[in-house]
């Protein structure tokens with residue numbers, strides 16, 4: 001009986017060692033994946049910063065004004081003037097919501113003007 005217990009204990013130790021070995025390699029692979037993702041995220045942040053800088057460079061007011069002047073014949077764009085913008089107070093308020101219908105409404109009209117209503 002003792003021999004069987006020793007054999008079972010040895011098999012359990014080997015099985016646990018194999019499991020720990022597999023978990024160690026899975027953890028290392030996960031850490032490599034995380035490092036790769038971090039480097040991709042860093043590259044994406046750098047590209048976003050570059051694109052934001054390029055967008056700001058291309059949207060300079062003097063450049064846009066020159067483009068509007070150059071393409072006036074085709075686009076008929078007017079130059080930006082301070083008085084071209086409105087105020088928030090000039091925007092009309094939305095109409096109040098309609099009240100719900102609580103009672104019935106009888107509507108009857110003749111289909112032809114010569115007929116009498118029902």
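Residues checked against (1) within 36 Å of the chain's Cα centre (by Cα); (2) in contact (Cβ under 8 Å) with a residue 40 or more places away in the chain; (3) assigned to a helix (DSSP H, G or I); (4) over 30 Å from residue 78 (Cα atoms):
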position	(1), (2), (3), (4)
8	no, no, yes, yes
19	no, no, yes, yes
33	yes, no, yes, yes
37	yes, no, yes, yes
42	yes, no, yes, yes
47	yes, no, yes, yes
63	yes, no, yes, no
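Looking at the range 65-92 only, could you name the residues that are surrounded by 10 or more Cβ atoms within 10 Å (Cβ to Cβ) and assigned to a loop (DSSP other than H, G, I, E, B)?
Correct list: 71, 77, 79, 80.
Tell me which residues, restricted to the range 49-61, are surrounded by fewer than 10 Cβ atoms within 10 Å (Cβ to Cβ) and in a helix (DSSP H, G or I).
55, 56, 57, 61
Values in this text are rule-based calculations from the coordinates and carry no lab data. All values reported here derive from a predicted model rather than from experimental measurement. Virtual Cβ from ideal backbone geometry, glycine too; neighbours counted across all protein chains shown.
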